[in-house]
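The values are calculated or read from the model by the stated rules, or taken from the named source; none is laboratory data. Model, not experiment: these values are computed from the prediction. Methodologically, a virtual Cβ is constructed for each residue, glycine included, from the backbone with ideal geometry; neighbour enumeration extends over all protein chains shown. SASA here: full protein model, heavy atoms, side chains in, ligands and nucleic acids out. Shrake-Rupley method; radii C 1.70, N 1.55, O 1.52, S 1.80 Å.
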Amino acid sequence: MERAGARRYGEKMLQFYEPEQDHGTPAIRSAESVSLSIDGQIVTVPAGTSVMRAAAQAGVKVPRLCATDSLEPFGSCRVCLVEIDGMKGYPASCTTPVREDMVVHTQTGKLAGLRRNVMELYISDHPLDCLTCPTNGDCELQDTAGELGLREVRYGFDGANHLTADKDTSNPYFTFDASKCIVCSRCVRACEETQGTFALTIQGRGFDSTVSAGQGEAFMDSECVSCGACVKACPTATLTENSIIEHGKPEHSVVTTCAYCGVGCAFRAELKGSTVVRMTPHKDGKANEGHACVKGRFAFGYATHKDRITEPMIRDSIDQPWRAVSWEQAISYTAQRFREIQDKYGRNSIGAISSSRCTNEEVYLVQKLVRAGFGNNNIDTCARVCHSPTGYGLKTTLGESAGTQEFSSVAQTDVVLVMGSNPTEAHPVFGSRLKKRLREGAKLIVIDPRGIELVDAPHVRADYHLAVNPGANVAILNAMAHVIVTEGLHDETFIRERCDSAQFKEWFGFIKDPRHSPDELEVATGVPANTLRAAARLFATGGNAAIYYGLGVTEHSQGSTAVMGIANLAMLTGNVGREGVGVNPMRGQNNVQGSCDMGSFPHELPGYRHLSDASTRQLFEREWNVELDPEPGMRIPNMFDSAIDGDFRGLYCQGEDVAQSDPNTQHIQAALSALDCLVVQDIFLNETAKYAHVFLPGSSFLEKNGTFTNAERRISPVRKVMPAMGGKEDWEVTQDLANAMGCPMNYTHPSQIMDEIARLTPTFHGVSYEKLDELGSIQWPCNAQHPDGTPTMHVDEFVRGKGFFALTEYVATDERANRRFPLLLTTGRILSQYNVGAQTRRTENSAWHPEDILEIHPHDAEERGVVEGDWVGIQSRVGNTVLRACISERVRPGVVYTTFHHPLSGANVITTDNSDWATNCPEYKVTAVQVNRVSEPSTWQARQQQFDRRQQELLDSALPE
Ligand code: SF4
Ligand code: SF4
Ligand code: SF4
Ligand code: FES
């Protein structure tokens with residue numbers, strides 16, 4: 001809650017630290033309301049609300065220990081007793097629902113005595129070390145004792161107690177001090193209800209009950225995924241963040257947005273001075289509603305890691321030591337080199353790559369610099385290599401390059417189809433929401449070559465796991481649509497009213513063809529026809545059906561086709577345009593949606609408007625006072641090919657590590673080495689920066705103002721909580737470079753950049769920092785028609801008018817297994833690491849995933865004499881690397897799997913540069929490989945290690961100019 005006295009600081013609201021307001025039990029959604037009297041006040045609440053929450057609404061706090069409004073009431077502590085006229089005894093207010101005309105008394109002498117008695121029992125088994133306790137002043141037990149006026153403990157402290165219980169310090173981020181536990185079960189319930197991991201139990205009975213991770217294991221050895229939900233729920237110092245133990249209670253807080261994944265969780269950055277001591281998930285954050293995962297919650301230490309480079313550096317060639325220079329020198333050096341290149345090789349010889357980790361405002365400025373300053377359209381973004389097929393596929397079919405729902409919509413879903421996405425690892429907070437809905441009874445279909453956690457998680461089991469062959473997504477989607485159509489399960493009314501009928505007719509004839517039947521495609525998909533039929537029937541007839549998909553759909557040679565197949569399936573069954581349904585691309589990085597929205601593709605201006613549209617161009621030309629080139633520029637792969645050919649010579653790469661993240665690493669390295677001037681703006685000397693001539697220090701999300709847009713199209717504020725370590729926020733650096741290149745920019749705050757975006761982009765017309773402060777976040781479109789944003793899209797009609805059923809012919813990828821390369825490698829993410837790992841590898845998260853490993857099925861391993869932990873060489877058509885083997889039945893025979901979080905793993909040394917036919921998104925998910933036992937690193941790894949050492953020396957010897 002905002003508190004009077006909060007002071008305005010730039011665009012951020014700096015709050016004096018205060019715990020978030022807690023109403024004791026969750027809010028109830030009910031159309032019916034009930035009025036009752038609480039201590040003489042009449043209050044009206046939704047039917048089903050607890051007496052405790054109704055009292056809170058009337059401004060009356062009933063003491064409590066086991067209740068908190070993020071969890072279902074439990075009724076164990078008996079501190080919240082009340083008196084209710086006509087009811088016997090002293091009911092617990094947390095578990096008693098309100099009734100019409102109920103008369104409740106919360107403050108009577110009798111109640112005070114009873115409550116004090118309960119508290120005395122608790123305190124008689126609690127250390128009296130408040131003054132030295134890390135949560136002194138931020139402890140509900142302490143507060144409740146104070147509220148109840150506890151002055152003595154009649155039971156003494158000499159009886160049986162838990163005061164000498166051991167501490168569990170196994171988790172790097174929090175400590176479990178069992179001596180302070182009051183066994184309220186809030187932690188256990190948080191792990192079950194909020195996180196869905198079920199890692200905690202109460203062991204023993206009565207007085208001997210204790211909280212236990214797993215079967216009496218240390219937290220690190222248990223199923224715990226370190227989400228922190230139990231720590232947040234704990235009312236005492238039993239579960240406490242190590243950062244709080246080290247630094248003490250925060251002094252103030254700022255609400256901001258996580259900079260890791262596309263869920264876009266809101267956090268309170270809690271500070272002492274300008275040191276962040278805790279990131280607490282924000283209850284009012286609509287994407288996360290108070291929950292978080294191990295990355296956003298705990299892995300923020302990278303922001304102040306010793307590897308941060310905070311001074312600009314330049315060098316003439318990559319075998320020279322870096323020279324530390326002033327910002328002015330670095331900027332003028334860059335501008336001069338870029339101008340020289342353009343003078344010599346032409347206007348199109350330079351370009352830029354923007355980042356999905358940077359803010360909307362930063363991304364917007366980079367594309368503006370390219371179009372208005374470089375005078376070309378050679379701007380692309382890392383979404384090229386992840387969700388560009390989503391842009392193409394959804395724009396073609398539905399008319400807008402974005403997901404259709406908000407995350408909370410899943411609570412209304414009856415059948416969830418998860419395809420090529422691993423929410424519990426890659427989008428964990430959404431994964432928890434999803435698991436909750438599945439525990440409530442929603443059905444689940446998983447289409448994935450690998451047995452992801454959702455296939456068989458605690459209290460969650462997929463009804464159908466279609467373990468599709470890598471590369472056969474379009475075949476499986478077509479087969480599902482074929483079943484629905486031939487069995488007459490499609491929604492004729494929806495199709496007639498909402499979709500292009502001529503196109504549907506053509507598509508109907510196409511999909512009905514027996515070549516799309518599950519039997520015909522069984523060999524291609526690897527899925528038994530009957531299983532596929534059953535899954536299709538469930539999808540079409542099971543009620544509200546929603547599709548959540550990820551890079552396992554897009555990163556294929558037919559990525560765009562598969563996205564269109566998904567949209568077809570949703571339209572075919574009438575599952576678009578209301579809550580609980582829809583097409584939901586799970587965006588990997590925090591601002592993938594935003595970086596695409598902001599005009600980062602070479603053919604599109606902000607708001608997905610094609611450059612060829614003269615009226616849109618004129619709009620920008622007037623605002624920017626330049627003439628724009630109407631020809632689309634180069635995509636990232638074209639930039640690299642052109643660099644190798646010698647035509648493309650200069651690249652400004654902001655916040656993106658292409659040398660690690662893009663496919664066919666050796667090709668990328670060759671391209672980067674060929675550049676005359678590579679400018680990298682980042683917080684660390686990443687893999688790409690090792691090939692750079694100019695390094696411009698970047699700022700982390702804690703050091704700047706701006707906005708991110710998550711997978712729900714939700715624009716959320718990013719607020720500066722500490723000064724930029726390099727002295728400049730990223731947008732300021734781009735602005736300086738633009739000015740040095742003769743492209744005037746004079747913003748004094750990112751809010752002005754957003755104002756410009758809003759002026760020029762119809763879907764953003766209503767967005768401003770003031771509105772973001774007021775609403776907390778906004779889902780675009782936000783304009784005159786939707787002044788507060790748009791949670792659900794395509795409600796009455798599709799953005800393109802009529803829904804378009806695209807023909808989705810299945811074409812097998814060229815990348816096939818054969819005798820030389822008999823296995824198919826597919827790649828993915830893991831919970832504790834993020835993308836190329838530049839941030840998470842510099843945190844304690846590496847305790848969970850210190851290296852990338854190769855998952856291989858026991859049969860394939862046995863055939864090759866590979867045992868758990870062996871080094872194995874992985875050879876593809878383009879390269880080879882060496883990883884440790886993990887024998888796992890998560891993958892089926894013939895398929896191997898790895899992650900790509902560690903640079904020396906070289907997962908992308910083996911991925912090829914095959915790509916999606918429409919967007920050039922690389923086919924990361926299918927690489928034919930051979931795997932053998934080996935005893936030493938690959939030649940590439942050995943060479944890379946040597947190169948890394950050399951670059952580190954050149955960095956260490958950085959000289960002040
Ligand atoms: S650890 Fe905390 S939340 Fe869990 S039972 Fe003990 S006091 Fe309650
Ligand atoms: S940190 Fe999360 S997963 Fe681990 S025990 Fe607590 S709630 Fe469960
Ligand atoms: S789920 Fe994503 S946005 Fe939320 S805390 Fe984790 S990494 Fe951050
Ligand atoms: S708060 Fe109601 S019984 Fe614990």
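Table for the structure above
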quantity: Failed item in (1) closer than 30 Å to Thr748 by Cα; (2) modelled with pLDDT of 95 or more; (3) of a type in the set (D, E, K, R), with Asp657 passing the rest; calculated: (2)
quantity: Number of the condition not met by Ser768 [criteria: (1) open to solvent by 10 Å² or more (accessible area, probe 1.4 Å); (2) in contact with a Phe, Trp or Tyr (Cβ under 8 Å, 6 or more places away or on another chain); (3) polar (S, T, N, Q)]; calculated: (2)
quantity: Of residues in the stretch 181-205 being among the charged types (D, E, K, R) and open to solvent by 10 Å² or more (accessible area, probe 1.4 Å), the one farthest from ligand 3 (Cβ to nearest atom); calculated: Arg205
quantity: Where a residue in the stretch 850-868 is within 13 Å of Val895 (Cβ to Cβ) and its partner, wherever it lies, is open to solvent by 90 Å² or more (accessible area, probe 1.4 Å) and part of a loop (DSSP other than H, G, I, E, B), with Cβ under 7 Å and at least six apart; calculated: Glu855/Arg890; His857/Glu889; Pro858/Glu889
quantity: Output for the stretch 64-103, where each listed residue is open to solvent by less than 20 Å² (accessible area, probe 1.4 Å), of a type in the set (S, T, N, Q) and within 16 Å of ligand 1 (Cβ to nearest atom); calculated: Thr68
quantity: Qualifying residue in the stretch 130-149 (condition: without any contact (Cβ under 8 Å) to a residue 12 or more places away in the chain, within 16 Å of ligand 1 (Cβ to nearest atom) and either in contact with a Leu (Cβ under 7 Å, 6 or more places away or on another chain) or open to solvent by 40 Å² or more (accessible area, probe 1.4 Å) (or both)); calculated: yes
quantity: Test for Thr106: is it in contact (Cβ under 8 Å) with a residue 60 or more places away in the chain, open to solvent by less than 10 Å² (accessible area, probe 1.4 Å) and within 27 Å of Lys283 (Cα to Cα); calculated: yes
quantity: Residue satisfying all of: in the stretch 263-284; among the small types (Gly, Ala, Ser) and modelled with pLDDT of 95 or more; nearest to the chain's Cα centre (by Cα) among these; calculated: Gly264
quantity: Residue count for the stretch 818-848, restricted to those that are more than 18 Å from Glu555 (Cβ to Cβ), over 18 Å from the mean Cα position of the chain (by Cα) and either at pLDDT below 90 or open to solvent by 20 Å² or more (accessible area, probe 1.4 Å) (or both); calculated: 9
quantity: Enumerated helices (runs of 4 or more DSSP H) restricted to the stretch 525-624, each holding at least 3 residues that are under 30 Å from Gly837 (Cα atoms) and not acidic (Asp, Glu); calculated: 551-554, 559-572, 592-597
quantity: Check on Val225, in contact with an Asp or Glu (Cβ under 7 Å, 6 or more places away or on another chain), within 16 Å of ligand 3 (Cβ to nearest atom) and either farther than 27 Å from Lys436 by Cα or at pLDDT 95 or above (or both); calculated: no
quantity: Top-ranked residue of the stretch 823-864 - restricted to ones that are among the β-branched types (Val, Ile, Thr) and part of a loop (DSSP other than H, G, I, E, B), ranked as farthest from Cys261 (Cα to Cα); calculated: Thr843
quantity: Only one of Thr404, Thr381 that is touching a His at 6+ places or on another chain (Cβ under 8 Å), surrounded by 24 or more Cβ atoms within 10 Å (Cβ to Cβ) and of a type in the set (Ser, Thr, Tyr); calculated: Thr404
quantity: Residues located in the stretch 170-199, provided they are near ligand 1 (Cβ under 7 Å from one of its atoms), of a type in the set (Val, Ile, Thr) and not in a loop (DSSP other than H, G, I, E, B); calculated: Val188
quantity: Residue match in the stretch 475-482 (condition: within 19 Å of Thr525 (Cα to Cα), polar (S, T, N, Q) and not in a helix (DSSP H, G or I)); calculated: no
